[in-house]
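Here the structure is laid out as structure tokens; the discussion comes afterwards.
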Amino acid sequence: MNSIRRHLLFALLVAMTVVMLLGGWATYRAARDEAGSLFDYQLQQIALSLRDQTFQGPAEALASDESLDYVIRVWDLSGLKVYYSRPHQSLPELTRLGYSTSASSEGDWRVFALQYHGLTIAVAQPMRVRNQLAADAAWSTLKPFFVLLPALALLIWLLVSRGLRPLAQLARSVQARTPDSLTPLAVGDVPEEVKPLALSLNDLLARLKAALAAQRAFVADAAHELRTPLTALQLQLQLVERASSEADRTAALAELRSGLLRSTHAVEQLLTLARHEPGAAEYRKAQVALAEVARNVVVELAPLAGARCIDLGVTQADEAAQVSGDADALRILLSNLVTNALRYTPAGGRVDVACGVRDGQAYFEVADTGPGIPAAERARVFDRFYRRSSDDDKGIIGSGLGLSIVRTIADRHGAVVELANSDSGGLLARVVFPRAGSRQEPGFPAN
């Protein structure tokens, strides 16, 4: 189980143990140095105190307490040993006067030697005694810490649990939220370390609330928009049933067929918009050549343009215009723009499709010779189910979703849709894609 509390407890205990061990080693080194200075001073004082002694008699080991850690030896000028306090046979011979450290089979020895009236007096002590005393001092210092380590672990556990309490409270607050209760989390008393998480959650809740509101609005609008054509289909079906002559039945069936086509188109547009909403299926992005997309869309819609007696063609197909995106989504985007232009362009008119690169940014352009869109309405035409008030007067029937789909797909590609007047007085719709690897907002300077 991946637990922050357990990781913190383990890390803190390991860190404290390492610190105590390092402190013990430093204490041991300091105690050994202090003990060495003290014992060196004692060696010197013992040697100095023996200057007034008379060493006479055979060179035999004198009586000595076995617990005595010091060894005393005295030589005359001829090198004859005249006194030694303990018979350490492995004790090395004196090499120099003053302080020195000598090695033997019994370990290292610390030696102090001086000369006085033809005698050489040496006092030695085993280094193991000093090291043992230093180790005992270090252990005496650290022993209380090791004894209190379990209590310290419990204290750390309590403190860590107390420190993580805001996270637990935040988790309970998030868990209590429902789709109908998406109010922001209170961040007033939240610690500074947890505040970024709380703010991020509030941002997520706000976006989720907006997405749910958009979904509810979409469902409500879709239900409202579909209610009218479905009611019309029922009425048209009743007309077919009540037709008294073959001519009346034929006319009623034509109206019914037209109503079915409109309803089918509206449902297809709704499904297309739902598939391309943010949060839907992820795009399979690849390098897409806009020129190929433009040619395919023009070929696909050529029969519709021919039926309306409209000249549809590609005026510019720059092969360098390539973007990273989903090819199918970009085809739907351009197809909706061209279909919209064909719907509003009168018979004998013209719809031109172009793609290219300008200022390092690839773009689509669709220009028509239709009536255009007044500047005051250009922002609203991207709203779902929005249709201009003059459409019915001109016999133009649509779902009101075409340009909304265009903007949705463009947004998911980081592109911008621009509407302007074409050179022929109609509408110019331009989709400008961002530069590759650039965070700059796409778009061209206003003409």
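The values are calculated or read from the model by the stated rules, or taken from the named source; none is laboratory data. Quantities reported herein were computed from a predicted structural model and do not represent experimental measurements. No Cβ is skipped: glycine too gets one built from the backbone with ideal geometry, and neighbour counts run over all protein chains shown.
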Please work out if Leu185 is modelled with pLDDT under 75, assigned to a loop (DSSP other than H, G, I, E, B), outside the structural domain of Thr101 (by TED's automatic domain parsing) and in contact with a helix residue (DSSP H, G or I) (Cβ under 8 Å, 6 or more places away or on another chain).
yes
May I ask you to list the residues in region 110-144 that are closer than 18 Å to Arg29 by Cα and of a type in the set (Phe, Trp, Tyr)?
Trp139
Scan region 138-160 and give yes if some residue there is more than 24 Å from Ala11 (Cα to Cα), assigned to a helix (DSSP H, G or I) and at pLDDT below 75, otherwise no.
yes
Select from region 111-130 the residues that are assigned to a strand (DSSP E or B) and of a type in the set (A, V, I, L, M) and list them in ascending order.
Val111, Ala113, Leu114, Leu119, Ile121, Ala122, Val123, Ala124
Can you find even one residue in region 373-380 that is of a type in the set (Val, Ile, Thr), at pLDDT below 70 and in a loop (DSSP other than H, G, I, E, B)?
no
Out of region 107-128, which residues are small (Gly, Ala, Ser) and over 24 Å from Asp76 (Cβ atoms)?
Gly107
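For (1) within 22 Å of Thr408 (Cα to Cα); (2) in the same structural domain as Leu428 (by TED's automatic domain parsing); (3) part of a loop (DSSP other than H, G, I, E, B), each residue gets a yes or a no:
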| position | (1), (2), (3) |
| --- | --- |
| Val299 | no, yes, no |
| Cys309 | no, yes, yes |
| Leu312 | no, yes, no |
| Gln316 | no, yes, no |
| Ala320 | no, yes, yes |
| Ala329 | yes, yes, no |
| Thr339 | yes, yes, no |
| Gly348 | no, yes, yes |
| Val351 | no, yes, no |
Does at least one position in region 85-103 carry a residue that is modelled with pLDDT under 75, basic (Lys, Arg) and within 18 Å of Met127 (Cβ to Cβ)?
yes
Residue that is farthest from Leu201 (Cα to Cα), among those in region 161-176 that are among the polar types (S, T, N, Q) and either touching a residue at least 12 places away in the same chain (Cβ under 8 Å) or assigned to a loop (DSSP other than H, G, I, E, B) (or both):
Ser161
Per the filter on region 381-408, residues among the basic types (Lys, Arg), at pLDDT below 80 and within 26 Å of Val293 (Cβ to Cβ) are Arg384
Of Leu233, Leu201, which residue is surrounded by 15 or more Cβ atoms within 10 Å (Cβ to Cβ), among the aliphatic types (A, V, I, L, M) and modelled with pLDDT under 70?
Leu233
Residue in region 312-320 that is surrounded by 21 or more Cβ atoms within 10 Å (Cβ to Cβ) and under 45 Å from the mean Cα position of the chain (by Cα) present:
no
Six or more apart or on different chains, Cβ under 8 Å: which pairs go from a residue in region 203-220 that's farther than 20 Å from Ala186 by Cβ to one that's modelled with pLDDT of 70 or more and outside any helix (DSSP H, G or I)? Could you list them?
Leu212/Leu182
Under 6 Å between Cβ atoms, at least 6 apart or on separate chains: pull out the pairs that start in region 303-325 with a residue that is at negative phi and end on any residue that is surrounded by 12 or more Cβ atoms within 10 Å (Cβ to Cβ) and among the aromatic types (Phe, Trp, Tyr).
Val323/Phe433
